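The values are calculated or read from the model by the stated rules, or taken from the named source; none is laboratory data. Because the structure is a prediction, the values reported are computed rather than measured. Using ideal geometry, Cβ is built from the backbone for each residue, glycine included, and neighbour counts are taken over all protein chains shown.
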Amino acid sequence: MKKLIVRTDDLGYTEGVTYGILAAHRDGIVTTTSVMINMPFSKKAINLAKQYPNLQLGLHVNVTNGNCVAPKESVPNLVDAEGVFLSSKYRRKLAEEGKQVLPVEEVYVEAVAQVKLFEELVGCKPEYIDIHALEISDFMEVVKRVKNDCNLNVCIYSDDSPVRMKDQALAHYSYYGKKGEKFLEYFSENHFKFEDDVEVLICHPGFIDYQLSKTSTFTDFRLLDYAMVTDKSVIAWLRENDIELVDFNSVKKEMV
């Protein structure tokens with residue numbers, strides 16, 4: 001039987017995003033979600049998520065939105081004078097100018113602090129960690145280092161992980177631009193390919209609220225993602241084709 005992990009990002013980012021993710025799990029195919037542990041709504045989001053014991057929680061290591069968790073004096077090149085992270089837009093501009101995008105050691109300090117806060121709020125270690133906004137090698141290397149140093153269960157960027165992120169994990173965003181809202185066809189017409197024993201779909205379902213509209217341009221895609229992962233025809237197609245919905249921890253246990 002083929003297996004599908006449906007991972008959502010950004011739990012705790014805003015109230016609307018959080019409620020959208022939880023609804024996408026309750027009424028759809030979402031199996032796991034990663035928490036932006038440093039955001040103002042994170043604590044409430046975690047408490048809400050505890051109502052859904054089958055929803056796996058990971059950590060979305062975030063160094064571009066909200067306030068730092070580590071003392072701001074320990075990450076001076078990540079934040080402004082108030083301890084607010086410098087934006088992903090600023091980081092991408094550094095990349096365009098050929099400059100170092102992230103201060104790697106400071107990212108490590110902040111990531112470890114976020115792991116510790118996750119443990120404090122959730123009551124256990126994250127089942128996996130991943131990265132927010134900046135898909136660059138330096139960030140991935142830090143995440144792998146934190147994964148090893150903190151003895152975390154799963155990190156999809158790690159070479160020894162049972163499941164690694166593949167190109168098609170985020171390919172539906174290009175599909176939306178070409179095919180629009182033909183959610184069933186994305187799967188039934190083999191745009192998303194079930195080639196390996198386990199595949200990963202990464203999405204960002206969420207409801208748009210004021211805070212999201214003020215801090216992100218990534219809004220309409222969240223509504224499309226919510227519609228796709230709760231689409232009844234998609235749910236039925238996966239069931240009819242013996243695609244089992246699993247999370248990272250389930251896969252790891254099977255492969256140990």
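Among residues of the stretch 209-238 that are farther than 15 Å from residue 14 by Cβ, those with a beta-carbon under 7 Å from a residue that is among the small types (Gly, Ala, Ser) at least six positions away or on a different chain give the pairs 229/24; 229/28; 230/24; 230/28; 235/28; 237/188.
Is it the case that residue 55 is of a type in the set (A, V, I, L, M, F, W, C), at pLDDT 95 or above and farther than 15 Å from residue 21 by Cβ? No, not satisfied. Against the numbered list (1) surrounded by fewer than 16 Cβ atoms within 10 Å (Cβ to Cβ); (2) of a type outside the set (Asp, Glu); (3) modelled with pLDDT of 95 or more, residue 245 comes up short only at (1). Residue count for the stretch 6-53 satisfying the condition of being farther than 30 Å from residue 74 by Cα, in contact (Cβ under 8 Å) with a residue 40 or more places away in the chain and in a loop (DSSP other than H, G, I, E, B): 4.
Of all residues in the stretch 92-120, those being surrounded by fewer than 21 Cβ atoms within 10 Å (Cβ to Cβ) and assigned to a helix (DSSP H, G or I) number 16.
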